[in-house]
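Asks: What follows is a structure written as structure tokens; I'll ask about it next.
The values are calculated or read from the model by the stated rules, or taken from the named source; none is laboratory data. This structure is a prediction, so every number in the text was calculated from the model and none was measured. Cβ placement follows ideal geometry from the backbone for every residue including glycine, while neighbour counts extend to all protein chains displayed.
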């Protein structure tokens, strides 16, 4: 398939931009953890807030489908979200004299929620647009761009840890890391907004060409109702879900399984051949001197800001990026067999649980085992998710409106899957597994 690279690149940056608030919040965990006390659990609460906001934004787009204003909605929502992310970075490091901790934390939660809702309204509009106009490559480009945005923010996380963690003025160092994060994210958004002009010009060109063909075709059929045009046909959401339920279920279940395991359970892993045991209390304290660890709670803490968990994130994000770029070369699933990808994920969950509960030989608790297992999870997640999204819009003639709605619904299922997976991970890690392990 010949790919028009200007259009592909535009969709790629837009895919990155509409996920940037979510990935910024995930990868800026060190930043938030540093400026808030441990008892606030910023990583957990911000993660849940992002999941709820993203799901709500995607749902709103499905139930209030834009007709012709997809690109306008994208520009507005991306601009608003970029401003909100700047506010988020400014408010987070304020000292107690400016804002009390509860007020500051509540303000950050509120800004994150609004930013993710607004940005994911734009995300739903983007997927509806590419599913309708550029199904053969637009969905893949948006998916690939999204995961690469995650990888880019992960790189900033590594740079900030390596550059700022050892400064004498640690507050200033972590402030700089926040500025780096938001500068990268807003740069992605700015480029995406500029590239919208390319998509708009292409759509207008296609519309003029189609209008010319229709005029020629209907010269002797003036009684033909205009509402029979594909651009204006009314498509039922129920019918779209019924026709694509396996692919939509795969999108949702893939994210439920992946987010329950990563960063959920795997966020509790520790390095040094003992991925989740309380024997790592000393290592955790020395790796993360910014976060005080009390003897009573150290065994339950995760290595949230140490290098081990950062490398683990890197393995997942790199593998996920590779997986999401593979479907452009071919999809060996169809709309029915795509559910089998979820079974593969469940198989990978077994060694992850073995690492967590440590029932086996200590050699299987080595760091490389955790890296390899999480990398495999990312690879399978990336391929299955992108393939399922692409199967929603195969580019059939006369199905533009239906495929546009299908991809918008697919994006909604994607965000709901992330939210459900996060909810399951919090329930398992903070309640069920704590009881069974301690």
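Asks: Quick check: is even one residue across region 159-169 out of contact with any helix residue (DSSP H, G or I) (no Cβ under 6 Å at 6 or more places or on another chain), part of a helix (DSSP H, G or I), farther than 18 Å from residue 89 by Cβ and modelled with pLDDT of 80 or more?
Replies: No, region 159-169 has no match at all.
Asks: Related question: Kindly provide the set of residues from region 365-405 that are over 23 Å from residue 266 (Cβ atoms) and without any contact (Cβ under 8 Å) to a residue 24 or more places away in the chain, ordered by number.
Replies: Within region 365-405, 396, 397 qualify.
Asks: Just checking: which of the helices (runs of 4 or more DSSP H) contained wholly in region 1-71 hold 3 or more residues that are farther than 18 Å from residue 107 by Cα and not assigned by the TED database to the domain that holds residue 262?
Replies: 5-17, 20-27, 42-63
Asks: Please specify each residue of region 371-402 satisfying the condition of being more than 16 Å from residue 147 (Cα to Cα) and in a helix (DSSP H, G or I).
Replies: Correct list: 371, 372, 373, 391, 400, 401, 402.
Asks: Does at least one position in region 83-101 carry a residue that is in a helix (DSSP H, G or I), in contact with a helix residue (DSSP H, G or I) (Cβ under 7 Å, 6 or more places away or on another chain), modelled with pLDDT under 95 and within 28 Å of residue 378 (Cα to Cα)?
Replies: Yes: region 83-101 contains one or more residues that are in a helix (DSSP H, G or I), in contact with a helix residue (DSSP H, G or I) (Cβ under 7 Å, 6 or more places away or on another chain), modelled with pLDDT under 95 and within 28 Å of residue 378 (Cα to Cα).
Asks: On to the next question. Filter region 244-276 down to residues that are modelled with pLDDT under 90 and more than 21 Å from residue 29 (Cβ to Cβ), then give me how many there are.
Replies: Qualifying residue count, region 244-276: 2.
Asks: Return yes or no: is residue 151 in a helix (DSSP H, G or I), without any contact (Cβ under 8 Å) to a residue 24 or more places away in the chain and surrounded by fewer than 21 Cβ atoms within 10 Å (Cβ to Cβ)?
Replies: No: the conditions fail for residue 151.
Asks: Sticking with this one: Considering every residue within region 115-134, establish whether at least one is touching a helix residue (DSSP H, G or I) at 6+ places or on another chain (Cβ under 6 Å), within 18 Å of residue 43 (Cβ to Cβ), in a helix (DSSP H, G or I) and outside the structural domain of residue 321 (by the TED database).
Replies: Looking for residues that are touching a helix residue (DSSP H, G or I) at 6+ places or on another chain (Cβ under 6 Å), within 18 Å of residue 43 (Cβ to Cβ), in a helix (DSSP H, G or I) and outside the structural domain of residue 321 (by the TED database), one finds at least one in region 115-134, hence yes.
Asks: Separate question: From the residues in region 326-370 that are touching a helix residue (DSSP H, G or I) at 6+ places or on another chain (Cβ under 7 Å) and assigned to a loop (DSSP other than H, G, I, E, B), which one is modelled with the highest pLDDT?
Replies: 326
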